[in-house]
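Remarks on the structure that follows.
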Amino acid sequence: MPHSIRLRGPWQCEPLAFAEIAVDGSMIWTDTDLPTPAAIELPGDWSAALGRDFRGIARLTRRFGLPTGLSSSSRVWLTLEEVAGTAAVALNTHALGSTASEDDSLRFRESLANLPQRLASTLKGSPQFCPARWDVTSLLQPRNELTIDLLTLGMGRIGLVTLEIDEQLLE
């Protein structure tokens, strides 16, 4: 049975870009006059920290140490329970993948059309649906930085983020 470590917080929540919807329905992106970064806890709604009217991209960052008691047969999985919007997840600058709620999979593709290139590159690829899970065993270091770049056009709900440690049976 896996052992879980909940990465509740504090998470640093930093807005990267604000999206405005033009009259023709296209997205206009800006990175000026953004809300002030704030600390949040997960699971939670980051829009409370950035303002209910915030629509765009926010980066959530959480630092953590290497879990203790790992053996050579340990596997460590990063799980993301849910996300309102689309998220690109990276551990120690290594891109793990992206995830989206089922409602946002089509809007994900459409909203990237006018996104500045430096931001679009983090959200490329086909997102998987939540809950999402990645094997991060080989990426862990004594000190780790987990980033979640969240693209949302509405609520900023994000679920629990955990490390699941599983001992593999050696044959």
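The values are calculated or read from the model by the stated rules, or taken from the named source; none is laboratory data. What you are looking at is a predicted structure, and each value in this text was computed from that prediction instead of being measured. Virtual Cβ from ideal backbone geometry, glycine too; neighbours counted across all protein chains shown.
Laid out as a table, the results:
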{"read-out": "I21 being under 13 Å from R157 (Cα atoms) and hydrophobic (A, V, I, L, M, F, W, C)", "value": "no"}
{"read-out": "Candidate set from segment 131-165 (those that are outside any strand (DSSP E or B) and in contact with a Leu (Cβ under 6 Å, 6 or more places away or on another chain)); member that is surrounded by the fewest Cβ atoms within 10 Å (Cβ to Cβ)", "value": "P142"}
{"read-out": "Per-region count, segment 27-43, residues more than 13 Å from the chain's Cα centre (by Cα) and within 25 Å of R143 (Cα to Cα)", "value": "5"}
{"read-out": "Some residue of segment 50-66 being under 14 Å from the mean Cα position of the chain (by Cα) and over 17 Å from V83 (Cβ atoms)", "value": "yes"}
{"read-out": "Test: residue in segment 30-38 that is in contact (Cβ under 8 Å) with a residue 60 or more places away in the chain and touching a strand residue (DSSP E or B) at 6+ places or on another chain (Cβ under 9 Å)", "value": "yes"}
{"read-out": "Number of the condition not met by V83 [criteria: (1) out of contact with any helix residue (DSSP H, G or I) (no Cβ under 8 Å at 6 or more places or on another chain); (2) on the phi > 0 side of the Ramachandran plot; (3) touching a residue at least 40 places away in the same chain (Cβ under 8 Å)]", "value": "(2)"}
{"read-out": "From the options S4, S47, residue that is within 17 Å of T152 (Cα to Cα) and out of contact with any helix residue (DSSP H, G or I) (no Cβ under 7 Å at 6 or more places or on another chain)", "value": "S47"}
{"read-out": "Residue in segment 9-19 that is at pLDDT 85 or above and out of contact with any strand residue (DSSP E or B) (no Cβ under 8 Å at 6 or more places or on another chain) present", "value": "no"}
